[in-house]
Amino acid sequence: MSAPNPWLGRPRAPRPPPAPDPDAVRLVGLPRRRAAARAVNDVVRGVDVRAFDDGWTVSFLSGYYTLCHTLDQLLDAVAPAGERELLRATVLAAADGSAGRG
């Protein structure tokens with residue numbers, strides 16, 4: 001029987017499962033994500049939000065960009081704390097309005 005290898009260290013604990021996103025169902029599909037991106041671009045100055053299959057890219061005037069996979073990440077990136085709920089309602093209304101369009 002050989003001794004355990006001290007260089008391997010301790011195994012890492014498994015990652016916790018991600019928290020459920022309550023708005024994820026309302027933003028499924030590229031047309032809904034595009035509508036959400038348009039809504040953010042219409043309201044927030046100095047950012048360019050573009051939709052892709054798994055989320056959004058947010059580009060800032062400084063050249064910085066970030067990827068957002070949930071609506072909360074998108075709101076954290078573009079909205080001040082006091083305006084998040086109003087922007088959330090605007091984005092979800094735009095996404096719901098695009099549901100009937102192909």
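Quick notes on this structure:
- Burial ranking of peptide ranges 13-22, 63-72 (average Cβ count within 10 Å, highest at the top): 63-72, 13-22
- Largest-first principal axis extents of the Cα set of segment 27-90 (Å): 26, 26, 18
- With a cut-off of 15 Å on the backbone N, the residues of segment 48-68 near the modelled label site 7 Å out from D21 along Cα-Cβ are 50-58, 66-68.
- FRET E, pair A13, R50, Förster distance 35 Å, beta-carbon r, rounded to 0.05: 0.45
- Contour minus Cα-Cα distance for F60 and A89 (0.36 nm per residue): 8.2 nm
- Whole-number percent relative contact order across the chain, with pairs defined as alpha carbons under 8 Å at least 6 apart: 27
- With the simple model of a label 7 Å out from the Cα in the direction of the Cβ, N41 to H69 spans 2.5 nm.
Computed from the coordinates by the stated procedures, all read-outs in this text should not be read as laboratory data. Values in this document were obtained by computation on a predicted structure and should not be read as measured data. For neighbour counting, all protein chains shown are included, and Cβ atoms are generated from backbone atoms with ideal geometry for every residue, glycine included.
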